[in-house]
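The values are calculated or read from the model by the stated rules, or taken from the named source; none is laboratory data. These numbers were taken from a predicted model, which means no experiment stands behind them. A quick note on method: Cβ atoms are made from the backbone with ideal geometry, for glycine too, and the neighbour counts reach across all protein chains shown. Keep in mind that these areas ignore ligands, DNA and RNA; they rest on the heavy atoms of the full protein, side chains included. Shrake-Rupley method; radii C 1.70, N 1.55, O 1.52, S 1.80 Å.
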Amino acid sequence: MLIREIKAIASYDSTEDPNGYLISSYRQASGQQPYTGERAYTKISSIVGMPTNEVYTNGYITSIFIMKGSEPIFLLNLTQFAKGYSTTNVVVHSEHTGKGFAVPTYIAVSKQYRVPLYSFGTHTPAGDRIWQTLAKQYPERVKGIHIKTGETIPFADIQNGDFNTRAVLFPQ
């Protein structure tokens, strides 16, 4: 189970090192730390129009890191979903929270990959804020969608507890 694998690497709630998951994820993706999973990561092209960034994929997860020098300060994990990508993790270094990395990163990813970017099936309050901000700034591109039927639904209805309803950022 993927959740167990993630928790085995580093906990989001670690009081010892609040940035442990971010640092560990970067070390694994970049090859600085042995990866114990079955799929090794490969570095791919950076995302154009973003601050210094590194992008890695293992064929299942695409990890986008914003860097400050040689240290990761932001991570967006994506997985293949429907006809695009689903956002699965957004992690910000504790010294860089609230600096607004997520929304510009989502926009840059959408522009570069030219596919829809879907929300995960559940959101944290921070995840909700990202999608609310995207919906306000790009109302013509952000919609609610029912994954099984493909129907557009009111954006306000995506948090009704149905894992099949998602927010989606359509490419330009």
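Assorted remarks:
- All strands (runs of 3 or more DSSP E) inside the range 27-128 with 3 or more residues being open to solvent by less than 80 Å² (accessible area, probe 1.4 Å) and closer than 23 Å to V142 by Cβ: 61-68, 71-81, 84-92
- Scan the range 148-172 for residues that are open to solvent by 50 Å² or more (accessible area, probe 1.4 Å) and among the aliphatic types (A, V, I, L, M) and the total you get is 1.
- Looking only at residues of the range 134-172 that are part of a strand (DSSP E or B), of a type in the set (A, V, I, L, M) and in contact with a Gly (Cβ under 8 Å, 6 or more places away or on another chain), we find that the one that is modelled with the lowest pLDDT is I153.
- Test: T122 is of a type in the set (S, T, Y), at pLDDT below 90 and within 14 Å of the chain's Cα centre (by Cα): yes
- If only residues of the range 129-147 that are of a type in the set (K, R) and out of contact with any helix residue (DSSP H, G or I) (no Cβ under 7 Å at 6 or more places or on another chain) are counted, the one that is least open to solvent (accessible area, probe 1.4 Å) is R141.
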